[in-house]
Amino acid sequence: MRQYHEQKAAAPDALLLFRMGDFYETFYEDAQTAARVLGIALTTRGKDRNGQAVPLAGIPYHALDSYLTKLVRAGLKVAISEQVEDPRQAKGVVKRAVVRIVTPGTLTDDALLDKSADNYLACVCRRQLQIGLAFVELSTGAFWVQNVSEAELLDEMTRLGPAEILLPEISIDADDTLGKMLRASAAENYDKRAISRRPAHLFDPYQAEQILLRHFGVASLQGFGFEGVDASLCAAAVIIDYLAETQKTSLKHILKLTRRYPHDFVWIDQSTWRSLEIERGLRSGTTAGTLLRAVDRTCSSMGGRCLRRWLMAPLRDAKAIRTRQQAVADLRDDPARLDAIRAELKQLADIERITARLGVGRASPRDLVALGKTLRAVARIAELFEQFKPSVHIAGDCLCPFLAERRDAARGQTELAEFLGQALREDAPITLNEGGIIAPGFDAELDRLHSIGADGRDWLARYQAREIERSGISS
């Protein structure tokens with residue numbers, strides 16, 4: 001219980017799932033919350049210093065994902081404490097540590113995410129008259145910043161619908177104008193947005209710059225196109241600090257930071273956005289009856305998210321619009337090839353989210369198997385692009401620039417795809433500790449050890465027969 005209290009003190013705003021053998025246990029107020037949200041039994045375990053029974057509620061460790069989904073959807077932060085040493089070798093109490101804090105804006109597991117929608121973590125930083133906005137999609141690694149006015153901030157929040165927003169800590173007697181405004185906006189749009197407070201000193205420009213330089217491993221942010229540290233970069237740094245604190249692992253898949261400019265797309269205010277019902281119905285709050293539901297014929301979860309982003313931020317540049325339109329026209333002009341491409345797209349796993357799980361160290365063996373299959377399918381898609389009938393409007397290439405760019409991006413991963421296909425079993429398990437991950441024939445020594453493990457009695461019988469023959473001793 002001393003371990004429990006220490007870890008709870010380090011994450012006071014999170015519900016602590018404390019690993020004890022085959023269960024995750026919760027105590028005190030956390031137990032009461034877990035029992036209410038999850039519909040599980042509330043019991044007691046021992047007594048506290050005041051002689052009062054300690055409330056207890058637990059869940060089986062193998063059912064974590066399903067219970068975690070309910071807790072996160074209820075808007076709760078969840079700290080997961082694991083046993084970090086082998087109980088058989090532990091001296092005294094088994095050591096435990098919080099290995100991850102799960103919040104609504106930091107999800108990476110497929111079971112917790114909507115496959116067709118982005119799950120944004122946003123941060124707002126106000127400095128004098130400037131409001132900086134940063135938002136990241138941890139499950140894909142996409143990271144943007146922009147500066148907005150107060151009215152534009154609400155419009156952007158309506159468009160993005162972030163699952164969680166980071167704001168500076170405020171004193172108890174301070175007027176939380178910004179927090180109230182964001183909560184009211186969320187309520188109007190049927191959004192459940194968790195608001196998390198971060199220490200005010202993290203929003204300081206110097207502190208922010210140091211955080212970003214360390215994360216990206218650079219001496220200057222000029223390579224990303226930034227001159228000086230404005231409010232949006234302060235917000236970006238707070239996000240990186242928050243992810244490091246909650247994920248407790250590297251964030252290698254967040255490779256760049258991109259500046260968004262409002263004039264690049266059609267700006268739609270929040271009341272117009274709701275009235276147009278682009279991706280959410282005015283009455284239902286779902287996609288039923290929306291523009292997105294009417295036009296979405298995508299074949300993969302990545303395509304669904306891409307279409308959603310395009311509809312939510314319509315282009316203003318005529319040349320870019322024509323480029324997309326030409327790609328659509330070329331695909332429709334060759335229906336047989338288009339059908340073949342769509343058939344391949346349906347085989348794709350979610351590369352964006354698999355690579356994100358690799359980046360935070362949570363990819364499963366099945367993720368790697370799916371990645372290998374997807375890279376092979378991507379190579380076939382590139383070949384199908386090559387076979388498009390020539391277009392008269394492009395000299396020197398049968399593809400318009402938009403499709404040619406995607407064809408070129410799909411090349412070059414054949415070696416990795418073959419390696420994954422040769423190294424991994426088709427029926428690889430969900431978790432590493434189950435074993436049976438490496439394919440037979442990939443490693444001779446591993447095959448020999450597997451053979452001994454699987455056919456130990458047969459091996460001993462053969463060994464005995466050889467020794468009888470060699471020694472002449474029959475028993």
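Restricting to the stretch 108-132, count the residues that are open to solvent by 10 Å² or more (accessible area, probe 1.4 Å) and within 17 Å of the chain's Cα centre (by Cα).
Summing the residues that are open to solvent by 10 Å² or more (accessible area, probe 1.4 Å) and within 17 Å of the chain's Cα centre (by Cα) in the stretch 108-132 gives 12.
For the stretch 133-180, which residues satisfy the criterion of being open to solvent by 40 Å² or more (accessible area, probe 1.4 Å), of a type in the set (A, V, I, L, M, F, W, C), over 30 Å from Gly359 (Cβ atoms) and outside any loop (DSSP other than H, G, I, E, B)?
The answer is Ala151, and nothing else.
Return only the number of the condition from (1) aliphatic (A, V, I, L, M); (2) crowded, with 19+ Cβ neighbours inside 10 Å; (3) over 30 Å from Glu245 (Cα atoms); (4) at pLDDT below 90 that Leu348 does not satisfy.
Among (1) aliphatic (A, V, I, L, M); (2) crowded, with 19+ Cβ neighbours inside 10 Å; (3) over 30 Å from Glu245 (Cα atoms); (4) at pLDDT below 90, the lone unmet condition for Leu348 is (4).
May I ask you to list pairs of residues, at least six apart or on different chains, whose Cβ atoms are under 6 Å apart, with the first in the stretch 7-19 being within 9 Å of Asp30 (Cβ to Cβ) and of a type outside the set (A, V, I, L, M, F, W, C) and the second being modelled with pLDDT of 90 or more and buried (at least 17 other Cβ atoms within 10 Å of the Cβ)?
Lys8/Leu16
If we only count strands (runs of 3 or more DSSP E) wholly inside the stretch 1-102, which ones have 1 or more residues that are open to solvent by 30 Å² or more (accessible area, probe 1.4 Å), among the polar types (S, T, N, Q) and more than 25 Å from Leu166 (Cα to Cα)? Let's see the steps before the verdict.
On the way: elements: 15-20, 23-27, 43-47, 53-60, 78-83, 96-102.
By residue number, 43-47, 78-83.
Could you please tell me which pairs satisfy a Cβ distance under 6 Å, a separation of 6+ or placement on different chains, a first residue in the stretch 309-335 that is within 16 Å of Leu384 (Cα to Cα), and a second residue that is exposed (fewer than 12 other Cβ atoms within 10 Å of the Cβ)?
Asp334/Lys389
Residue by residue through the stretch 233-265, note down the ones that are within 17 Å of Glu352 (Cβ to Cβ), surrounded by fewer than 16 Cβ atoms within 10 Å (Cβ to Cβ) and not hydrophobic (A, V, I, L, M, F, W, C).
Lys252, Lys256, Thr258
If I go through the stretch 422-459 residue by residue, how many of them are among the hydrophobic types (A, V, I, L, M, F, W, C) and open to solvent by 100 Å² or more (accessible area, probe 1.4 Å)?
So the count comes out to 2.
Only one of Ala288, Ala327, Ala340, Ala382 is of a type in the set (Gly, Ala, Ser), over 30 Å from Ser250 (Cβ atoms) and exposed (fewer than 13 other Cβ atoms within 10 Å of the Cβ). Can you tell me which?
Ala288
The values are calculated or read from the model by the stated rules, or taken from the named source; none is laboratory data. Everything quoted here is computed from the prediction, not taken from an experiment. For neighbour counting, all protein chains shown are included, and Cβ atoms are generated from backbone atoms with ideal geometry for every residue, glycine included. When the accessible area is computed, the model is the full protein with side chains, heavy atoms only, and any ligands, DNA or RNA have been set aside. Shrake-Rupley method; radii C 1.70, N 1.55, O 1.52, S 1.80 Å.
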